[in-house]
Amino acid sequence: EDLLHLLHSRRPDEQIFFLASGGGSSLLALPAAPLQFDEKRQISAALLRSGAAIHEINCVRKHLSALKGGRLAALCEPALVTTYAISDVPGDDPAVIASGPTVADPTTSAQALAIIERYQIPISTSVRQWLHSPRSETPKPNQLLPHPFHLIATAANALHAAAEFARSRGVT
């Protein structure tokens, strides 16, 4: 909530720099207005235990969040948000890294609900009502200004660098 206060107190002409990295989705855990933190935490934990893929987990996280799925960028507009990202997700999709707080979200609330149902994650009536509400939709590509996104490191980069270092030391 301190972040929201900071965003609301900034000048409109300020530029914002954002670092997205592995673990960012867990650290940026502010639930959407009507939801409770413990409720969101329990759903995320259950999804992690369920065997759901990271893109499925992040789809649900985005639709339960006040900041993920492009919502952070939307809160900052008209200011420009430049994102530098360190990816730990397969495919390095900007919308998946840290649940894409500065990137428009192609997923829907209906998809989030379907994931919850597929993995039989128990949710409250308030979460179900939220996911059926239009307010739970995240900003889509045509709804956000184009914000610069720079992928500065990936798991593949790290693997290649480690392999090169090993080869330079005579390790095959």
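Kindly indicate which of Ser136, Ser126, Ser109 is within 20 Å of Ile43 (Cβ to Cβ), small (Gly, Ala, Ser) and touching an Asp or Glu at 6+ places or on another chain (Cβ under 7 Å). I'd like the intermediate steps shown before the answer.
Numbers: Ser136 fails: touching an Asp or Glu at 6+ places or on another chain (Cβ under 7 Å); Ser126 fails: touching an Asp or Glu at 6+ places or on another chain (Cβ under 7 Å).
Answer to the selection: Ser109.
So, in the range 81-122, how many residues would count as being among the hydroxyl-bearing types (Ser, Thr, Tyr) and part of a loop (DSSP other than H, G, I, E, B)?
Of the residues in the range 81-122, 5 are among the hydroxyl-bearing types (Ser, Thr, Tyr) and part of a loop (DSSP other than H, G, I, E, B).
Could you run through the range 123-172 and say how many residues are under 24 Å from Pro31 (Cβ atoms), assigned to a loop (DSSP other than H, G, I, E, B) and of a type in the set (Lys, Arg)?
Within the range 123-172, residues that are under 24 Å from Pro31 (Cβ atoms), assigned to a loop (DSSP other than H, G, I, E, B) and of a type in the set (Lys, Arg) number 1.
Just checking, which of Glu56, Glu77 is open to solvent by 40 Å² or more (accessible area, probe 1.4 Å), touching a residue at least 40 places away in the same chain (Cβ under 8 Å) and acidic (Asp, Glu)?
The unique qualifying residue is Glu77.
Only one of these conditions is not met by Ala32: (1) touching a strand residue (DSSP E or B) at 6+ places or on another chain (Cβ under 7 Å); (2) loosely packed, with under 13 Cβ neighbours inside 10 Å. Which number is it?
(2) is the only condition that Ala32 fails.
Test Gly100 against the stated conditions and say whether it is surrounded by fewer than 22 Cβ atoms within 10 Å (Cβ to Cβ) and on the phi > 0 side of the Ramachandran plot.
No.
Of everything in the range 61-80, what is assigned to a loop (DSSP other than H, G, I, E, B) and farther than 20 Å from Trp130 by Cα? Give them in sequence order.
If the condition is that a residue be assigned to a loop (DSSP other than H, G, I, E, B) and farther than 20 Å from Trp130 by Cα, then Glu77, Pro78, Ala79, Leu80 are the ones that fit.
Examine the range 59-76 for a residue that is under 10 Å from the mean Cα position of the chain (by Cα) and of a type in the set (Val, Ile, Thr), and state whether such a residue exists.
Yes; the residues of the range 59-76 include at least one that is under 10 Å from the mean Cα position of the chain (by Cα) and of a type in the set (Val, Ile, Thr).
Considering each of Gly23, Gly69, Gly51 in turn, give the residue that is under 23 Å from Pro146 (Cβ atoms) and of a type outside the set (S, T, N, Q).
Going through Gly23, Gly69, Gly51 in turn, the sole match is Gly69.
Hey, could you check the range 5-22 for residues that are within 17 Å of Lys68 (Cβ to Cβ) and modelled with pLDDT of 85 or more and say which is surrounded by the most Cβ atoms within 10 Å (Cβ to Cβ)?
Ala20
Would you check if Val81 is touching a Phe, Trp or Tyr at 6+ places or on another chain (Cβ under 9 Å), over 27 Å from Ala32 (Cβ atoms) and of a type in the set (Val, Ile, Thr)?
no
The values are calculated or read from the model by the stated rules, or taken from the named source; none is laboratory data. It should be emphasised that the depicted structure is a prediction, and the values quoted were computed from it without experimental measurement. Here the Cβ is made from the backbone with ideal geometry for all residues, glycine too, and neighbour counts use every protein chain on show. In case anyone asks, the SASA skips ligands and DNA or RNA and just uses the protein heavy atoms, side chains included. Shrake-Rupley method; radii C 1.70, N 1.55, O 1.52, S 1.80 Å.
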